[in-house]
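Here the structure is laid out as C-alpha cells; the discussion comes afterwards.
The values are calculated or read from the model by the stated rules, or taken from the named source; none is laboratory data. In this text the structure is predicted, and so the values were computed from the model without any measurement. Glycine gets a Cβ as well: all are built from the backbone with ideal geometry, and neighbour counts include every protein chain shown.
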Amino acid sequence: MGIKFKTPIVAEPNKFSWFDVELPNPGPYEVIFRNKACLICGSDLHSYKGLHPFAPIPTCTGHEVAGEVVEIGSKVTTLTVGDRVYVAGTGAGTMPCGQCFYCVRGNPRRCVNPHKSTSFKIGGKVVSRFPSGFGEYSINHEARAYKIPDDVSFYEAATTTDVAYVTGVVIRSEGGIGNSAVVIGAGPIGLRTLEVAKAAGVSPIFVSEPVDYRLKKAKELGADAVINPMEEDPVKRVMELTDGAGVDIVYDVAGNLRATQQGLDMVNTRIGGAGRIYLMGLYEAPNNNL
Ligand SMILES: [Zn+2]
Ligand SMILES: [Zn+2]
C-alpha cells in the first residue's frame, strides 16, 4: 500500500467524521493527486443528508477537484510529478480502463469497462465515492486529468466540472441560434447553463428562480426575462413571452417536482414544435406522478 492520509466521510446523516485511510500504489496508467481545491456541489448536500440516490451512506463527498500530481504509474506518459491539473471523475468510485472504444477516443467518462477504485468498509458497508476531493489525496486514470495554465488558480480550475456538465447538456439539447429556452433554477449550475446556452446562440432565454439575488445575477448575465415563481405564475408568463407557443428547450436545474411540472407546461408541445426538457437537477426522492 502507498500513501496514508485522513479523509472526511459521512457515516451517518448530517455529520462528517474523519477516518485514517490509505491509497494503493498507482497502477500502470494511474496517477495520485494531492487535492488542492474542491468545490461543494449541490449533490454533496444530498450526500451529507444521506439522501443521494446513487451514493448510499457511508460515503465520501467532493468531486469538483483540482490538484497537483504527486505520483505516477509506470506507463503514464501525459503527466509528470508537479503538474497542476483539473481532475474529472474524482469520487466516482470507478476508474476508466484507458483501452476501450470510448477511452481511446478521449471519452473516458463513457468507459465500458471501468474498474472499481479501492475502498474499504465501515460497519460492514463499503464506503461509496472513495477517494474524493475533500480528502487530502485522490487517485485516477491519467486520461481523467487535464493540465491547467499557470494563470488559472486551482479554485478556478475546479469549476470545470460544472462548465463541462452544462456544456454537454447544451450540446445534446441542440441549443443554438433559432431556439428559445427557459432555465429553471439559477444556482451556480443554472447560471452557467444560462451563460453557455447564450454563448451557443440560444435566444431568448428566460430564467425562473425564487431567490431574488440569484435573479439579479441572471439578469446581469444576460437573461432576457427573469421570473420569480413565488410572485407570479411562471408558466403563464412564459406563454405570454412566447405568444402562447412555449419555449423550445427547458433546462430544469431545480431538482424539484413542482418546477419540473412547470417545465413540462412551458415547453412547446405543438405538433412539429420539437420542444424538449432536460432534467439536470438531482431529486431526493423518487416520484412516479409526473
Ligand atoms: Zn457536482
Ligand atoms: Zn474504457
Every residue from segment 189-235 that is surrounded by fewer than 17 Cβ atoms within 10 Å (Cβ to Cβ) and among the basic types (Lys, Arg)
LYS216, LYS219
Of (1) among the small types (Gly, Ala, Ser); (2) modelled with pLDDT of 90 or more; (3) more than 16 Å from ligand 1 (Cβ to nearest atom), GLY168 satisfies every one except (3)
Tell me which residues, restricted to segment 236-248, are touching a residue at least 40 places away in the same chain (Cβ under 8 Å) and surrounded by fewer than 19 Cβ atoms within 10 Å (Cβ to Cβ).
THR242
Per the list (1) farther than 26 Å from SER43 by Cα; (2) among the hydrophobic types (A, V, I, L, M, F, W, C); (3) over 23 Å from the mean Cα position of the chain (by Cα), residue check on VAL202 breaks on (3)
Which residue out of GLY2, GLY67, GLY42 is crowded, with 18+ Cβ neighbours inside 10 Å and either within 28 Å of ILE148 (Cα to Cα) or within 16 Å of ligand 2 (Cβ to nearest atom) (or both)?
GLY67
VAL250, sole failed condition from (1) under 24 Å from ASP162 (Cβ atoms); (2) in a loop (DSSP other than H, G, I, E, B)
(2)
Total residues in segment 38-76, condition farther than 18 Å from ARG192 by Cβ and not in a loop (DSSP other than H, G, I, E, B):
11
Condition (residue is surrounded by fewer than 17 Cβ atoms within 10 Å (Cβ to Cβ), without any contact (Cβ under 8 Å) to a residue 60 or more places away in the chain and under 28 Å from LEU51 (Cα atoms)) applied to segment 101-110: is it met by at least one residue?
yes
Segment 258-290, residues that are modelled with pLDDT under 90, hydrophobic (A, V, I, L, M, F, W, C) and surrounded by 13 or more Cβ atoms within 10 Å (Cβ to Cβ)
ALA274, LEU282
Residue that is small (Gly, Ala, Ser) and farther than 23 Å from SER128 by Cβ, where the choices are SER47, SER43, SER74
SER74
Sort out which residues of segment 77-93 are outside any loop (DSSP other than H, G, I, E, B) and within 16 Å of ligand 1 (Cβ to nearest atom), and write them in order of number.
TYR86, VAL87
Looking only at segment 227-265, count every residue that is touching a Pro at 6+ places or on another chain (Cβ under 7 Å) and under 23 Å from GLY168 (Cβ atoms) and tell me the total.
0
Which condition does HIS52 not pass, out of (1) crowded, with 23+ Cβ neighbours inside 10 Å; (2) at pLDDT below 90, if it passes all the others?
(1)
Pick from segment 111-134, criterion among the hydroxyl-bearing types (Ser, Thr, Tyr) and surrounded by fewer than 20 Cβ atoms within 10 Å (Cβ to Cβ), ranking: nearest to ligand 1 (Cβ to nearest atom):
SER119
